[in-house]
Every structure is written in structure tokens, then in C-alpha cells.
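The values are calculated or read from the model by the stated rules, or taken from the named source; none is laboratory data. Remember, predicted model here, so these are calculated numbers, not experimental data. The area values use the complete protein model at the heavy-atom level, side chains included, leaving out ligands, DNA and RNA. Shrake-Rupley method; radii C 1.70, N 1.55, O 1.52, S 1.80 Å.
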Amino acid sequence: MSDSETQQAELGELIELGGSDRAALARLAHEAALATPGVAGASRGPGASYRTQTGGYVLDGVSVIVAADGSYRVGLCLVAAPTPLHDLAIEIRRRIARDVATAGVDAPGAVDIRFDDLATTSERER
């Protein structure tokens, strides 16, 4: 099974378990961000506002809302390794766009990225 087929099967399982397009997009964005070199983790952000809860699971560090135009707006709150943050954000957005297209999910209207903290060397080695 190809990566694309695997992602589509997993999304089908997520929706069957009571997930939604919003939940699928949150999961894809979360996984793409955390798989990006230079991202050390996710953060709930101020007031724990970066959380998505659906189908019995919680994703910290991501929120997805519906914008006024009906498109989805993804918000990520991340912990980064010491690296140029602007370049890291560009790469995260690129990976999300690639994974969303591969999975056949509607692309978000915007992806906002907040870097909440920088990881130290010892934090990245855990």
C-alpha cells in the first residue's frame, strides 16, 4: 500500500470513528508539523487554546476553525529546536500542503504557526 493509500485509509477510519473533515485536517497538520526536522514538539499555547478534541483523542498544539469564508484555518503552536524559524515555518506549511493533497482533504485557507518555545539540547534528546 502506498503512503497516499495508507493516509486515505487512516482518514476513512478516523471519519468512521466519529471524526470530521476538521479533525482529519487537524491530525494531518499535527503529524506533518511534528515530522518536520527542527520541530521538537507541540504546545497547548496560552490558555491551552491550541487543542483539538474529537473522537476520544486530543491533539495538543493544533486548532482548526472555520473562517468566515467557509475555509478551514489551521493554528499550530510548536516548540522548535534552535533553527531559523521563518524557514522552518515555510517547510511546515509545505509539508501540510503536500500531505493534505495526498490525502484528498480540502486544503486549509491559512496555516498560522506560533513558536511557543525553543527546546534545549537536553530536551531534544529525550
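Leaving out ligands and nucleic acids, and using a 1.4 Å probe, what accessible area per residue does segment 40-117 come to in Å²?
Using a 1.4 Å probe on heavy atoms only, each residue of segment 40-117 averages 51 Å².
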- Message: Suppose the chain between Y57 and A101 were pulled fully straight at 0.36 nm per residue; how much longer would it get relative to their current alpha carbon spacing?
- Response: 13.5 nm
- Message: Suppose we keep just the alpha-carbon trace of segment 41-126; what are its Rg and Dmax in angstrom?
- Response: 13.8, 43
- Message: As a test question: what accessible area, to the nearest 10 Å², does D60 have when a 1.4 Å probe is rolled over all protein chains in place?
- Response: 50 Å²
